[in-house]
Amino acid sequence: MAWGLLLWAGCGLALGILSRVSAILAWLIHLSAANSGSFVSYGVDNFMTIGLFYLILAPLPDRYAYENRWRRTRDQDQQLLGFWRRVLQLHLAFIYFFGGLAKALGSGWWDGNSLWRTLTRSPFDLVPAETLIRFKYIFPIAGVAVCLLELGYAFAIWQKRTRVIWLTGIIAMHIGIGLAMGMYLFALVMIVLNAAAFGPELIFGPRKRANVPVTKLI
């Protein structure tokens, strides 16, 4: 029953039907399932919980939701949507910065040992050991690149000139994680969170602020 309700809530969010109820139900059931299976859960559950939590707070439905056919999006909703997207952007910036800082403080990522240990440990050993040995010189380069990419995310993602470069690099990094380690769901969730945070401005450009009096917003 729990998995059936979670599937129903996910479909409701994807189609935009009863969006608020679907968001609350999806977050609650997923949080309960992740905490109940703490021995088999990993980082992807935390990021999925974060994403679903922001959906609860964000104004729903959005302009593309089916529900929006009978409930038009208001200017106040657009203001709140921009606010919660900014919060998600800051959240991701903190996550990547401190993740990169933790990697940079150790020596395993600078010499590639951390990547080697990860790719040779079950269940992440999808790439044959012979292939890893043949391209072992790439590990230090990849390790340094990951550290710099995550550390620089918190600074470069805000600049228009470097935003596309860093967002493309982060997405490429997660695609590589998904293909090399079999963490497909984790890669997909992180790509979706990054696309939701910074993708709309790259695709549609910066949204113009509506001329709504402050008294109406209050």
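Derivation of every value follows stated rules applied to the coordinates shown; laboratory data play no part. Note that this is a predicted model, so its numbers are computed, not measured. Cβ atoms come from the backbone with ideal geometry, glycine included; neighbour counts cover every protein chain shown.
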Describe numerically, in nm with one decimal, the distance between label points set 7 Å from Cα along Cα→Cβ at Arg134 and at Ser36. 4.6
Listed with the fewest Cβ neighbours within 10 Å leading, Thr131, Thr118 appear as Thr131, Thr118
Whole angstrom only: what separates the Cα centroid of the stretch 93-112 from the Cα centroid of the stretch 8-24? 36
Stretched out fully, how many nm does the piece from Ala102 to Val21 gain, at 0.36 nm a residue minus the Cα gap? 25.4 nm
